[in-house]
Amino acid sequence: MALRSLALATRKTLTLGLNSTRLSQSRALQTFSLPDLPYDYGALEPAISGEIMQLHHQKHHQTYITNYNKALEQLHDAIQKGDSSTVAKLQSAIKFNGGGHINHSIFWQNLAPIREGGGEPPKGSLGWVIDTNFGSLESLIQNINAEGAALQGSGWVWLGLDKELKKLVIETTANQDPLVTKGPHLVPLLGIDVWEHAYYLQYKNVRPDYLKNIWKVINWKYASEVYEKESA
Amino acid sequence: MATSLNLTLFPSQGVLVNPGLPGPARTLPRTKPQRRFLRKGASNLITAKFELKPPPYPLNALEPHMSQATLEFHWGKHHKTYVENLNKQIVGTELEGLSLEDIVVVSYNKGDLLPYFNNAAQAWNHDFFWESMKPGGGGKPSGELLDLIEKDFGSFDQFVEEFKSAAATQFGSGWAWLAYRASEKDKKLEVVKSLNAVNPLVSDYFPLLTIDVWEHAYYLDFQNRRPDYISTFMEKLVSWEAVSARLEKAKVQAAK
């Protein structure tokens, strides 16, 4: 018992350093850490301000990770104790914070500075299937923006691949629900965060302007790679 | 931390998550002073349109706790848009002529939200929110309100903890409320939280106090720091006079 509490205490202390990933092998419980952005905070301007990128990454995403780790640890303990009531109670915190980590990790890769290909239309098989499914890229964008603008409250708008039906879909999810909650065969290619924190400091209440401008920094290369891998 | 009094309202699940409480979704009508503006349209028909009512103080009056910029956008854009869009949605429908509160209840539709619910409820919620605050607010309530708070929460501090917790743990967009419930057996105060536009009117509560925890309510002033916003609201902005007045009205209504 003493050894177990020591391991627990050690993990708790190091987890507070926010960047631990290796220390918990003794408990076989992975802790998560904030992924680096593949570009500077200001690199997506003027589409998305550096101020927003920094807050979004360092505060919002980090908080999801911190709370996700905490919830997982509490879940681990509850499972060990056979405390089903706590296990059930933790589900919403895990979905919310784990979802927040999943979704934002995808989001950072969905964006790229213009000089690194941000905004360049998709080529190859994804470009072709977009034209086939939606008529044109413009039409796809219009549809995504309409869904994103109409979403009440907080959530995400997605371009996804339905692996079973082998087609592209536009979906929205509420809060931090990952796309898979809308269908187990759905793979996210592109997600746009329409929580107010994603745009408010720059665009205020005018979410449609944010949605119009974000396409200038959308990283279609990443979406294409995922599409090619998942549709193989 | 979360007690049985901490209830969450989910539209898709109908009324309350806590099944232990009595009371179905409310039915019409509950009469209230109608904030409507009747005017004659071009065809000589009287049409009822809702007005954007200003807060009961100038837009800079809540500085430094809630900035003028926030009021300008929150009231001048967000709230205004809800009212304008609601008016567009109800024109020429059977909802014209109903009070705002009645439209909220009708369109809640037991959780199967009708298209005008969001705009109606948000219009109502924001009116209620501005009136829940005042310059130089905060402090403690007194008199009967304080007595009831102490009876139902143990102490004022415990109420504050529970209210702050509800506001902080409402995932995504929504509201936290102090509400009064009167049933045959009991009359009590409760803290509830709700998602997006939902409010406790739809579950037979009398709302007494609210805090908006949509990000647009605090992002310009506090960015991600929602707990700081909530603390500031409690310490510097709450109008306990408004809450007491609402409690008085609620008791009168409940006695009917």
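Brief remarks on what is shown
- Taken as a whole, the structure leaves A:Q152 outside the set of residues that are touching a Ser or Thr at 6+ places or on another chain (Cβ under 6 Å) and not aliphatic (A, V, I, L, M).
- Positions within the range A:35-87 being over 17 Å from the mean Cα position of the chain (by Cα) and acidic (D, E), in sequence order: A:D40, A:E45, A:E51, A:E73, A:D77, A:D83
- When the range B:192-237 is limited to residues that are away from chain A (no Cβ under 12 Å) and among the basic types (K, R), the one that is farthest from the chain's Cα centre (by Cα) turns out to be B:K236.
- Some residue of the range A:131-153 being surrounded by 15 or more Cβ atoms within 10 Å (Cβ to Cβ), within 14 Å of another protein chain (Cβ to nearest Cβ) and aromatic (F, W, Y): no
- Filtered residues of the range B:70-101 (kept if in a helix (DSSP H, G or I), of a type in the set (D, E, K, R) and farther than 30 Å from B:D221 by Cα): B:K88, B:E101
- Residues that are in contact (Cβ under 8 Å) with a residue 40 or more places away in the chain and within 12 Å of chain B (Cβ to nearest Cβ), drawn from the range A:82-109: A:K95, A:F96, A:N97, A:G99, A:G100
- Enumeration of residues in the range A:195-212 that are within 19 Å of the chain's Cα centre (by Cα), facing chain B (nearest Cβ under 7 Å) and either among the charged types (D, E, K, R) or not in a helix (DSSP H, G or I) (or both): A:W195, A:E196
- Meets criteria (out of contact with any Phe, Trp or Tyr (no Cβ under 6 Å at 6 or more places or on another chain), small (G, A, S) and within 29 Å of B:F171 (Cβ to Cβ)) for A:A232: no
- Qualifying residue in the range A:158-176 (condition: in a helix (DSSP H, G or I) and either more than 14 Å from every other protein chain (Cβ to nearest Cβ) or hydroxyl-bearing (S, T, Y) (or both)): no
- When the range B:174-187 is limited to residues that are touching a helix residue (DSSP H, G or I) at 6+ places or on another chain (Cβ under 7 Å) and modelled with pLDDT of 95 or more, the one that is nearest to the other protein chains (Cβ to nearest Cβ) turns out to be B:W175.
- Within the range A:179-194, considering residues that are within 25 Å of A:K59 (Cβ to Cβ) and away from chain B (no Cβ under 14 Å), the one nearest to the chain's Cα centre (by Cα): A:G191
- Criterion applied to B:K236, B:K249 was being touching a His at 6+ places or on another chain (Cβ under 6 Å), over 18 Å from B:E72 (Cα atoms) and basic (K, R), and the one residue passing it is B:K236.
The values are calculated or read from the model by the stated rules, or taken from the named source; none is laboratory data. Here the structure is a predicted model, which is why all the values come from computation and not from measurement. So basically every Cβ, Gly included, is an ideal-geometry build from the backbone, and we count neighbours across all protein chains shown.
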